[in-house]
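Enquirer: Questions regarding the structure given below will be posed in turn.
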Amino acid sequence: MIETILNYPLSRDRLIDLLSSSGEEEKALFNYSTATKLKNVGNEVYLRGLIELSNICDKDCFYCGIRKSNNNITRFTLKYEEVIESVKYAYEKGYGSIVIQSGERSSRSFSDKIDKIIRESKKITNNNIGITLSCGEQSEETYLRWFESGADRYLLRIETSSEELYKKLHPKDTLHNYTNRRNALELLRKTGYQLGTGVMIGLPFQTTEMLADDLIFMRDLNIDMCGMGPYIEHTKTPLYKFREQLPITTVRLSLALKMISLSRILMPNINIAATTVLKVLDQKATEKAIAIGANVIMPNITPLFYRKEYLLYENRSEPLFSFEDELALLEKRLETISHRIGYNKQGNSKHYTKNWSRCIPE
Ligand code: 5AD
């Protein structure tokens with residue numbers, strides 16, 4: 001029954017239909033992706049402690065709150081010692097993996113600092129902590145250096161697979177070039193990382209056809225991980241002037257959930273994140289995303305003092321109490337959908353393990 005609804009294998013036209021689905025058809029889609037998820041990656045959710053290293057960025061993307069031209073924020077960079085403290089915290093609390101995310105910079109001192117953080121993080125955790133980097137486009141040499149120092153995974157969102165839309169969202173220069181970004185993804189794969197990419201959903205000028213192509217792009221790139229979320233307008237960015245064109249909150253959320261659901265169906269054994277940004281649209285969005293396909297959560301463990309400056313988008317929800325309370329609350333919420341946290345596990349992508357026949361601890 002559900003198979004007929006889906007008309008598996010999914011054609012581009014069918015993807016477009018399903019992205020526009022609502023009511024019973026949408027429900028059937030979610031039921032199918034839930035089953036696909038449970039069969040392939042189970043009901044365990046992996047944690048990645050997110051450390052926002054710096055909001056200094058060389059780029060000037062039209063949608064992003066930490067873009068170079070935004071003079072309304074105070075720029076910060078965590079001290080090396082602060083990062084290591086956060087890593088220790090994550091490890092002790094059983095996170096299993098961390099993500100180091102930063103505005104994009106290419107200076108030698110920046111790559112040296114990341115390198116030192118990777119080495120020390122592995123050292124103080126007896127090689128047990130999984131490390132994901134999300135530090136933008138870098139040279140092949142830098143990617144290799146960080147990989148050899150112990151980084152396991154790399155997230156680089158293509159943002160949109162449509163070159164036409166990409167050009168509308170970025171300044172026209174070599175720093176913001178679609179082909180360069182596409183090539184960076186290839187470099188990362190060649191280097192040996194578990195490869196992650198993703199897109200923003202509900203952007204101005206974005207069509208359902210483009211989102212269907214995003215799904216096909218990710219599948220054809222043979223990614224190991226996917227992190228995507230709704231676009232949220234930011235007052236201090238050029239794209240803000242198009243806010244009237246955006247789909248309303250409920251539609252944007254439903255579109256984001258359908259993208260997650262279809263990603264799970266197209267790429268059954270990859271890791272998919274329920275990204276923090278989903279919560280801007282709905283307090284229960286994390287559980288909803290996990291229930292229909294996602295299996296990774298990235299709680300923010302950046303020292304609280306710096307958090308208010310790392311606003312890629314506005315209305316970001318902050319933890320009510322402490323990090324501990326946030327985790328306890330998350331556990332309770334996951335229980336309501338019969339999921340549990342995979343404490344002390346790196347939670348590597350099953351897709352990668354299978355592809356590369358590497359022996360990686362669970
Ligand atoms: N809304 C949603 N996501 C955003 N990002 C940047 N700006 C926004 C925004 N306004 C996302 C981009 C980037 C990631 C770190 O944050 O996809 O890759």
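Enquirer: Quick one: residue 349 ticks every box in (1) in contact with an Asp or Glu (Cβ under 6 Å, 6 or more places away or on another chain); (2) at pLDDT below 85 except a single one, so which number is it?
Expert: Among (1) in contact with an Asp or Glu (Cβ under 6 Å, 6 or more places away or on another chain); (2) at pLDDT below 85, residue 349 violates only (2).
Enquirer: Additional query: If a residue counts only when it is away from the ligand (no atom under 15 Å from the Cβ) and either in contact with a Ser or Thr (Cβ under 8 Å, 6 or more places away or on another chain) or in contact (Cβ under 8 Å) with a residue 12 or more places away in the chain (or both), which helices (runs of 4 or more DSSP H) contained entirely in segment 220-307 have at least 1 such residues?
Expert: Once the helices (runs of 4 or more DSSP H) in segment 220-307 are filtered for at least 1 residues that are away from the ligand (no atom under 15 Å from the Cβ) and either in contact with a Ser or Thr (Cβ under 8 Å, 6 or more places away or on another chain) or in contact (Cβ under 8 Å) with a residue 12 or more places away in the chain (or both), what remains is 249-266, 285-292, 304-307.
Enquirer: Of everything in segment 72-89 that's among the basic types (Lys, Arg) and outside any helix (DSSP H, G or I), which residue is surrounded by the fewest Cβ atoms within 10 Å (Cβ to Cβ)?
Expert: 79
Enquirer: (1) more than 18 Å from residue 38 (Cα to Cα); (2) of a type in the set (A, V, I, L, M, F, W, C); (3) in contact with a helix residue (DSSP H, G or I) (Cβ under 9 Å, 6 or more places away or on another chain); (4) modelled with pLDDT of 95 or more: which one isn't true of residue 298, the others all being true?
Expert: Exception for residue 298: condition (3).
Enquirer: Within segment 26-36, identify whether any single residue is under 20 Å from the mean Cα position of the chain (by Cα), farther than 30 Å from residue 170 by Cβ and assigned to a loop (DSSP other than H, G, I, E, B), and answer yes or no.
Expert: Checked against the condition, which is being under 20 Å from the mean Cα position of the chain (by Cα), farther than 30 Å from residue 170 by Cβ and assigned to a loop (DSSP other than H, G, I, E, B), segment 26-36 yields no hits at all.
Enquirer: What number goes with the only condition from (1) crowded, with 17+ Cβ neighbours inside 10 Å; (2) among the polar types (S, T, N, Q); (3) part of a helix (DSSP H, G or I) that residue 138 does not pass?
Expert: Of the numbered conditions (1) crowded, with 17+ Cβ neighbours inside 10 Å; (2) among the polar types (S, T, N, Q); (3) part of a helix (DSSP H, G or I), the odd one out for residue 138 is (3).
Enquirer: Restricting the search to segment 92-106, which residues are in a loop (DSSP other than H, G, I, E, B) and closer than 16 Å to residue 309 by Cα?
Expert: Matches in segment 92-106: 103, 104.
Enquirer: Let me ask something additional. Can you tell me which residue is farthest from residue 155 (Cα to Cα) among those in segment 22-71 that are surrounded by fewer than 21 Cβ atoms within 10 Å (Cβ to Cβ) and aliphatic (A, V, I, L, M)?
Expert: 28
Enquirer: Search segment 193-214 for residues being more than 16 Å from the ligand (Cβ to nearest atom) and assigned to a helix (DSSP H, G or I), and hand back the single one that is surrounded by the most Cβ atoms within 10 Å (Cβ to Cβ).
Expert: Ranking the qualifying residues of segment 193-214, first place goes to 212.
The values are calculated or read from the model by the stated rules, or taken from the named source; none is laboratory data. As the structure is a prediction and not an experimental result, all values here were calculated from the model. Ideal geometry is used to build each Cβ from the backbone, glycine not excepted, and the neighbour counts take in all protein chains shown.
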